[in-house]
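The values are calculated or read from the model by the stated rules, or taken from the named source; none is laboratory data. In this text, all values refer to a predicted model and were calculated from it rather than measured experimentally. Glycine gets a Cβ as well: all are built from the backbone with ideal geometry, and neighbour counts include every protein chain shown.
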Amino acid sequence: MRTCSKCQEAKPFDQFSKKLNGLQPNCKPCSREIHRAWNLANREKQCAKKREYYQNNKEAALEKQKQYYAEHRDQVLAYIEKWRAERPGYAASLYVKNAERQKALARAWRKENPDLRKVQETARRARTRRLPPWADRKAMAAVYAQAKELRAMGVDCHVDHVIPLKGKTVSGLHVHTNLQILLASENLKKGVKA
Ligand SMILES: [Zn+2]
């Protein structure tokens, strides 16, 4: 038995890690606790240090990794296979985690780009492929932004397609040259005519 210098409990020898000559003064649980507390206190510093080191040695580290892989390919693959086998569902959980992250990123993007979002939504709603890949989405977003500004000033208007996306004889494209800002009263007239 050996007394831990931290918790003062007498514990069997195997509860103490070895050091160069003899055993550590603290028992394993206490050592872990000390280590954890130290890590926590120094995490930010350590992270910054690691980041800086990585930035400065990125190419060398990558080269080293590549070389190691080339020389130990079978070992590396076996290790990955074993690691994966011991953690069933890990890939799936990673996928879910990533999907959630993607969703959050998309949400943030939509929140920051309401006018670009409007362009997309209108395209989706039309349920046609009327939005050609060459469409100038920024110019389109500008039209929606302008309409929004007008509405903010009290003008009752919205963005309309000059030639409807699903016309009876001819269908227009969802492009900025086919967009116009219509006053609510004008659109009513248009609706009656059609
Ligand atoms: Zn202890």
**Request:** Select from the stretch 97-121 the residues that are at pLDDT below 80 and exposed (fewer than 11 other Cβ atoms within 10 Å of the Cβ) and list them in ascending order.
**Result:** 97, 98, 99
**Fill in**
Those residues of the stretch 3-31 which are more than 10 Å from the ligand (Cβ to nearest atom) and of a type in the set (Lys, Arg) amount to 18, 19
**Asked** Restricting the first residue to the stretch 11-22 and requiring it to be of a type in the set (Gly, Ala, Ser), which pairs with a second residue that is part of a strand (DSSP E or B) meet a Cβ separation below 8 Å and a spacing of at least six or different chains?
**Response** 17/23
**Prompt:** Considering 48, 37, 85, which residue is exposed (fewer than 10 other Cβ atoms within 10 Å of the Cβ) and either touching a residue at least 12 places away in the same chain (Cβ under 8 Å) or part of a helix (DSSP H, G or I) (or both)?
**Reply:** 85
